[in-house]
1. Accessible area of the range 1-62 with a 1.4 Å probe: how many percent of it is carbon plus sulfur?
2. Label-point separation (nm) for His27 and Phe104, each offset 7 Å from Cα along Cα-to-Cβ?
3. Compute the signed sum of charges (Lys and Arg +1, Asp and Glu -1) over the other residues within less than 11 Å, Cβ to Cβ, of Ile47.
4. About the Cα centre, and with charges only on the beta carbon of Lys, Arg (+1) and Asp, Glu (-1), how big is the dipole of the chain? Nearest 20 debye, please.
5. Per residue, how much accessible area does the chain have with a 1.4 Å probe, in Å²?
6. Hey, any idea what Rg/Rh is for the chain, computing Rh the Kirkwood way over Cα pairs?
7. Excluding Leu19 itself, what net charge comes from residues whose Cβ is under 14 Å from its Cβ, given Lys and Arg +1 and Asp and Glu -1?
Amino acid sequence: MVEYPRLWYKEHIGSDGSLEGVDIADHPRTGYTLHPCFSWGDGRDVIYIGAFEAYRNTTPTPDVLCSISGVKPTTNRTMAEFRVDAVARGGGTQTTSPWHLMGFWQQHLVDLLFYAYYGT
């Protein structure tokens, strides 16, 4: 898993609506927005995203999602089945489990960091 600390961002949009640049900060700044990944529920200081594609472990704990280097990802399941597996990993329910599938805002966060680092 990769830990992502809380961050604020500001997107620079061109006159044609395209993204021209991104600024990020590790503290609140005027004109910056707290990334939505960190405002879910009662707020979060960090989030975790799997470094590798999901692998559904069968031993020692069956039906648990893992993020393991060098292991072929599990591909023979539906999104609904993967959601159940994610909840099984974290316990609780779909709402209370800290484990989820990677959604829009998590991908947005990774993309923002890519744009900020590479400038493209």
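The values are calculated or read from the model by the stated rules, or taken from the named source; none is laboratory data. All values derive from a computational prediction rather than experimental measurement. Quick reminder, even Gly has a Cβ in these numbers, built from the backbone with ideal geometry, and neighbours come from all protein chains shown. In case anyone asks, the SASA skips ligands and DNA or RNA and just uses the protein heavy atoms, side chains included. Shrake-Rupley method; radii C 1.70, N 1.55, O 1.52, S 1.80 Å.
1. Answer for the range 1-62 is 48 percent, counting heavy atoms of protein chains only.
2. 3.2 nm
3. Once all neighbours under 11 Å are counted, the net charge is 0.
4. For the chain, the charge dipole is close to 340 debye.
5. That works out to 67 Å² per residue.
6. Working: Rg = 16.8 Å, Rh = 16.2 Å.
That ratio equals 1.04.
7. Once positives and negatives cancel, what remains is -4.
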